[in-house]
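What follows draws every value from the coordinates through simple rules; no lab data is involved. These numbers were taken from a predicted model, which means no experiment stands behind them. Please note: Cβ atoms are built from the backbone with ideal geometry, for glycine as well, and neighbour counts cover all protein chains shown.
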Amino acid sequence: MVYRGLEMARSDWTPLARQFQEGLLSRIFHGEPYQAFVANYARSMLDGQMDALLVYRKRLRHRLDAYEVNVPSQVRAARIADAHNAKLNRPQQYQGGGWTST
């Protein structure tokens, strides 16, 4: 199934949200019951069984030093990570852009 124009097309949604939306829409479009799916998914999430799917990915479109006035949260996270890497004499991975996962 191909989805267009829905939230799942966004690159910054968590895998949990994407997986839930795909499962729900698939059931609805195929005329299958969905109430138990929603209840079980919510229960599993609240029980912590899906914590690994709660990861946000955000893109750094510019070099870190280019963010001066408007500094979004993913830039702050990348700066903290690179400062920590520098302290441990490891390579800095976000100076030229890339993706952060939080």
Report task. Give the angle, between 0 and 90 degrees and rounded to the nearest 10, that separates the Cα long axis of helix 35-46 from the longest principal axis of the Cα atoms of the chain. Result -> 30 degrees
**Report entry** Extreme residue, positive dipole direction of the chain, given options Met50, His30, Ser101 (C-beta unit charges)
**Finding:** Ser101
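Run lengths n ≥ 4 of DSSP H only: what is the helix-derived mean residue ellipticity at 222 nm for the chain, with -39500 (n - 2.57) per run over all residues, to the nearest 500?
Details: 3 runs with 42 residues, N = 102.
After summing the helix terms and dividing by residue count, I get -13500 deg cm²/dmol.
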Report summary line: If amide H atoms are modeled at 1.01 Å from N in the peptide plane, then the residues at a separation of 5 or more from Trp99, or on another chain, having amide H under 5 Å from its own are Leu60
Report summary line: Share of Cα-Cα pairs in segment 7-53 beyond 16 Å, whole percent, is 41 percent
Requested in this report: Rounded, prolate or oblate: pick one for segment 57-101, where a ≥ b ≥ c are the square roots of the eigenvalues of its C-alpha gyration tensor, a/c under 1.5 means rounded, and failing that, prolate if a/b is larger than b/c, else oblate.
Outcome: prolate
Report summary line: For the chain, longest principal axis from Cα atoms; helix 15-29 axis from its Cα atoms; angle between them, nearest 10 degrees, is 20 degrees
Report task. Among (i) 188; (ii) 134; (iii) 101, find the value of volume of the Cα convex hull per residue in Å³ that was calculated from the structure presented, and write down its label. Result -> (ii)
Report task. Using only Cα atoms, tell me the angle between helix 73-87 and the longest principal axis of the chain; keep it within 0 to 90° and round to the nearest 10. Result -> 50 degrees
